[in-house]
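Take a look at the structure set out below.
The values are calculated or read from the model by the stated rules, or taken from the named source; none is laboratory data. On a predicted model such as this, the values are computed, not experimentally measured, just so you know. So basically every Cβ, Gly included, is an ideal-geometry build from the backbone, and we count neighbours across all protein chains shown.
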Amino acid sequence: MRRQSQTVALLLLVIVAGAIVLRSASSQSFTQSSTSSTQLQDESAFSGIGTCSNFHAFTSEKATLLASVFNDDLTSSRVRFRGAGKYNPNLLPLPASSKHQYLGVVRSGQDTVHDVQWCFMRWKKVPITERKVVECTTELKQLDNPYFRPTTGACKQWDWLEVDQGFLDPRVLFSPFGEPLMVVGSNSHEHCLGMYVIDLRVLIPELGPEMQIDHIPIRFDRYYELDSPAPEEISKNWFFLWDLENQEYIHHNLKPQSVTSIQDPSVNIADSDQGCISTVEHDNIHIHQATNALRLTLCSFPCVPTADNTVLISIAHIKRIRRMDILYERYLVVMNATAPFGIIARSKNLVFAGMDESQMIYTVSMAWDTTVRTRHSWSDHLKASRRLRSRSEEVTSLRRLERRDDLGHGTNLESPPPAEPEAQVGLPPVTPVQDAGATAAKPELESKSGKSPAKPQSGEAPWARIQELPHTLLNEMPLQVPRHPIVTDFFHGWLDDVVMINFGIRDTESSVIHVGARDLVNCLVDCRVSVKSTVDDFAS
């Protein structure tokens, strides 16, 4: 009996030791080489990209399972727009002082012609199950969009697309300045299907006061068609990029990568190798971009963002056709935060907890969800730091006065000034924080010509080419609160912030999942080294 007890004890000891070893091994970081903001060949450490042991991200050789950090059961939540056929949703967070939590924009329609609808939304618990859903709190309204018709013969391969298609798969996003923009597909004026951008405040007048951005001028005052250096018959899923100076670019394609400046859409500036993302392609199935991009600093708040620790992230799709089904795989793509936005890394296939991968899941957009953020804003952090620094200086001054009383006349009464902290290598100077209230009360900016941004007049064309956009306002656009030049509450976040990913299900339903940014960059594949394909043949 005693021998059996010793054996059991020894066995338990071995199990505990094995568990400790495995835990230690799993917590080792997948070390990434760094890249500079302009060159992919930089070999310094690329801090912040993905350990493989995050609590809400479970990674295998071929996939990363993302669990919700918002729901107790770790699964995604349904987004309920009123009526059937509402899918491919977009949610934008509203300020805490708003009576609503989100603006919801959704594609609507099950036949040939589609439209875009919107409402204000809020979280709600379903009776009995108490599952959290997002529901409309206002009437679901249709955006007043014009119908565009292409030139006859522009749709050569799919001539039926020349019929009015309405507006397809809107992507709603914040610019770094706080503009609520919609990038959407529709019939083009020069080819078959094209891409347009418009400020949603033009279509939803109450949105400016609700988002408290009335002081931000409206630049995209109509549908501006986004041109490309190589126009295709059908253009889809283009998105905007802003570099660290908040200059604007359009990302047209991942492979081959195509990026243009908004001021010169005829020249492709991309120059990076796409071999890394090619490893997920096979059987004539290609990767293509899906969501908008967000700016991410690869460390926890409140570390100082720099060009060396900040990247852009977006989600791309692999589209698979199996018998009569269309299935999508999702891959995070990490890019440099400055032009030409070379691809740094990609994730494994992203799987959302609670979703059936045998169904069509189409990822639409991403946003930093400030409604679930628990940290202070960057401006509040800087103000608190200044207050602490001021108090420290007051204490130092008091100590000096006390010493003055103790020392005799003729003695050097002033202690040497405190040494300045050593500057961190590569850190840009922090922009002084001005009074937020003064900024909020600032009237709408005027352009250099002295005139406010023009809005479409009655009878004026509802669209224009992007080259016709007046760019004089770009450098005058205010951030909502002056702050660090890289930081915006709309477009920028840290590893410990929450990303809201919006996606459609089977072209019939809408859903959302909240994931930590740290989990999104979990166990990335480095795109600057030779990568072997890990994709198995898809079962036919």
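Does residue 535 satisfy the criteria of being modelled with pLDDT of 90 or more and of a type in the set (Val, Ile, Thr)?
no
State all residues of region 349-383 that are over 27 Å from residue 307 (Cβ atoms), not in a strand (DSSP E or B) and not hydrophobic (A, V, I, L, M, F, W, C); if no residue qualifies, say none.
Residues satisfying the conditions are 354, 356, 357, 358, 359, 371, 374.
Which condition number in (1) charged (D, E, K, R); (2) surrounded by 20 or more Cβ atoms within 10 Å (Cβ to Cβ); (3) farther than 30 Å from residue 329 by Cα is the one that residue 225 fails?
If we test residue 225 against (1) charged (D, E, K, R); (2) surrounded by 20 or more Cβ atoms within 10 Å (Cβ to Cβ); (3) farther than 30 Å from residue 329 by Cα, just (3) comes out false.
Return the total of residues in region 188-198 being of a type outside the set (A, V, I, L, M, F, W, C), at pLDDT below 90 and surrounded by 23 or more Cβ atoms within 10 Å (Cβ to Cβ).
Quick first cut of region 188-198, residues of a type outside the set (A, V, I, L, M, F, W, C) only: 188-191, 194, 196.
From the residues that got through so far, the ones that are at pLDDT below 90 too are 188-191, 194.
Add one more test, that the residue is surrounded by 23 or more Cβ atoms within 10 Å (Cβ to Cβ), and what stays is 188, 194.
Here the count works out to 2.
Can residue 277 be described as within 23 Å of residue 174 (Cα to Cα), touching a residue at least 60 places away in the same chain (Cβ under 8 Å), touching a Lys or Arg at 6+ places or on another chain (Cβ under 6 Å) and not basic (Lys, Arg)?
So residue 277 does not fit the description; no.
To keep it simple, each residue is scored yes or no on (1) under 28 Å from residue 504 (Cα atoms); (2) in a loop (DSSP other than H, G, I, E, B); (3) touching a His at 6+ places or on another chain (Cβ under 8 Å).
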{"residue": "288", "(1), (2), (3)": "yes, no, yes"}
{"residue": "291", "(1), (2), (3)": "yes, yes, no"}
{"residue": "296", "(1), (2), (3)": "yes, no, yes"}
{"residue": "302", "(1), (2), (3)": "no, yes, yes"}
{"residue": "308", "(1), (2), (3)": "no, yes, no"}
{"residue": "317", "(1), (2), (3)": "yes, no, yes"}
{"residue": "320", "(1), (2), (3)": "yes, no, no"}
{"residue": "332", "(1), (2), (3)": "yes, no, no"}
{"residue": "339", "(1), (2), (3)": "no, yes, no"}
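Within region 480-498, count every residue that is under 30 Å from residue 85 (Cα atoms) and either touching an Asp or Glu at 6+ places or on another chain (Cβ under 7 Å) or acidic (Asp, Glu) (or both).
1
Residues are listed down the side, and each one gets a yes or a no for (1) surrounded by 15 or more Cβ atoms within 10 Å (Cβ to Cβ); (2) basic (Lys, Arg); (3) closer than 22 Å to residue 364 by Cβ:
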position: 134; (1), (2), (3): yes, no, yes
position: 148; (1), (2), (3): yes, no, yes
position: 155; (1), (2), (3): yes, no, no
position: 174; (1), (2), (3): yes, no, yes
position: 179; (1), (2), (3): yes, no, yes
position: 182; (1), (2), (3): yes, no, yes
position: 186; (1), (2), (3): yes, no, yes
position: 201; (1), (2), (3): yes, yes, yes
position: 233; (1), (2), (3): yes, no, no
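Give region 462-511 a look and list any residue that's in contact with a Gly (Cβ under 7 Å, 6 or more places away or on another chain), outside any strand (DSSP E or B) and β-branched (Val, Ile, Thr), or say none.
The one that is in contact with a Gly (Cβ under 7 Å, 6 or more places away or on another chain), outside any strand (DSSP E or B) and β-branched (Val, Ile, Thr): 508.
Residues are listed down the side, and each one gets a yes or a no for (1) free of Cβ contacts under 8 Å to residues at least 24 places away in the same chain; (2) under 26 Å from residue 501 (Cα atoms); (3) of a type in the set (A, V, I, L, M); (4) out of contact with any Pro (no Cβ under 6 Å at 6 or more places or on another chain):
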position: 108; (1), (2), (3), (4): no, yes, no, yes
position: 126; (1), (2), (3), (4): yes, yes, yes, yes
position: 135; (1), (2), (3), (4): no, yes, no, yes
position: 140; (1), (2), (3), (4): no, yes, yes, yes
position: 145; (1), (2), (3), (4): no, yes, no, yes
position: 156; (1), (2), (3), (4): no, no, no, yes
position: 161; (1), (2), (3), (4): no, no, yes, yes
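Checking residue 178 against (1) within 27 Å of the chain's Cα centre (by Cα); (2) modelled with pLDDT of 85 or more; (3) on the phi < 0 side of the Ramachandran plot, which test does it fail?
Residue 178 satisfies every listed condition except (3).
Please list, ordered by first then second residue, the pairs with beta carbon atoms under 8 Å, 6 or more apart or interchain, first in region 320-340 and among the acidic types (Asp, Glu), second modelled with pLDDT of 95 or more and part of a loop (DSSP other than H, G, I, E, B).
As it stands, the answer is none, since no pair meets every condition given.
I'm told residue 350 meets every condition in (1) farther than 30 Å from residue 508 by Cβ; (2) surrounded by 19 or more Cβ atoms within 10 Å (Cβ to Cβ); (3) not acidic (Asp, Glu) except one. Can you identify the failing condition by its number?
For residue 350, the exception is condition (1).
Quick check on this structure: which one of 495, 474 is surrounded by 14 or more Cβ atoms within 10 Å (Cβ to Cβ), within 27 Å of residue 243 (Cβ to Cβ) and at pLDDT 90 or above?
Just a single option satisfies the conditions, and that option is 495.
Any idea how many residues of region 94-110 are among the aliphatic types (A, V, I, L, M) and farther than 18 Å from residue 365 by Cβ?
Summing the residues that are among the aliphatic types (A, V, I, L, M) and farther than 18 Å from residue 365 by Cβ in region 94-110 gives 1.
Of the residues 205, 217, 209, only one is more than 20 Å from the chain's Cα centre (by Cα) and either among the aromatic types (Phe, Trp, Tyr) or farther than 19 Å from residue 91 by Cα (or both); which?
217
With respect to residue 363, is the statement that it is among the hydroxyl-bearing types (Ser, Thr, Tyr) and at pLDDT below 90 true?
In short, no.
Return yes or no: is residue 130 out of contact with any helix residue (DSSP H, G or I) (no Cβ under 6 Å at 6 or more places or on another chain), farther than 24 Å from residue 175 by Cβ and in a loop (DSSP other than H, G, I, E, B)?
Yes: the conditions hold for residue 130.
Of all residues in region 45-66 being surrounded by fewer than 17 Cβ atoms within 10 Å (Cβ to Cβ) and among the polar types (S, T, N, Q), which is modelled with the lowest pLDDT?
Step by step, filter region 45-66, then rank; the result is 47.
Between 282, 251, which is in contact (Cβ under 8 Å) with a residue 24 or more places away in the chain and touching an Asp or Glu at 6+ places or on another chain (Cβ under 9 Å)?
Exactly one of 282, 251 is in contact (Cβ under 8 Å) with a residue 24 or more places away in the chain and touching an Asp or Glu at 6+ places or on another chain (Cβ under 9 Å), namely 282.
Would it be correct to say that residue 175 is within 18 Å of residue 469 (Cα to Cα) and free of Cβ contacts under 8 Å to residues at least 40 places away in the same chain?
Details: within 18 Å of residue 469 (Cα to Cα): yes; free of Cβ contacts under 8 Å to residues at least 40 places away in the same chain: no.
When the stated conditions are applied, residue 175 does not pass them.
Has region 67-82 got any residue that is aliphatic (A, V, I, L, M), in a loop (DSSP other than H, G, I, E, B), surrounded by fewer than 15 Cβ atoms within 10 Å (Cβ to Cβ) and touching a Phe, Trp or Tyr at 6+ places or on another chain (Cβ under 9 Å)?
No, every residue in region 67-82 fails to be aliphatic (A, V, I, L, M), in a loop (DSSP other than H, G, I, E, B), surrounded by fewer than 15 Cβ atoms within 10 Å (Cβ to Cβ) and touching a Phe, Trp or Tyr at 6+ places or on another chain (Cβ under 9 Å).
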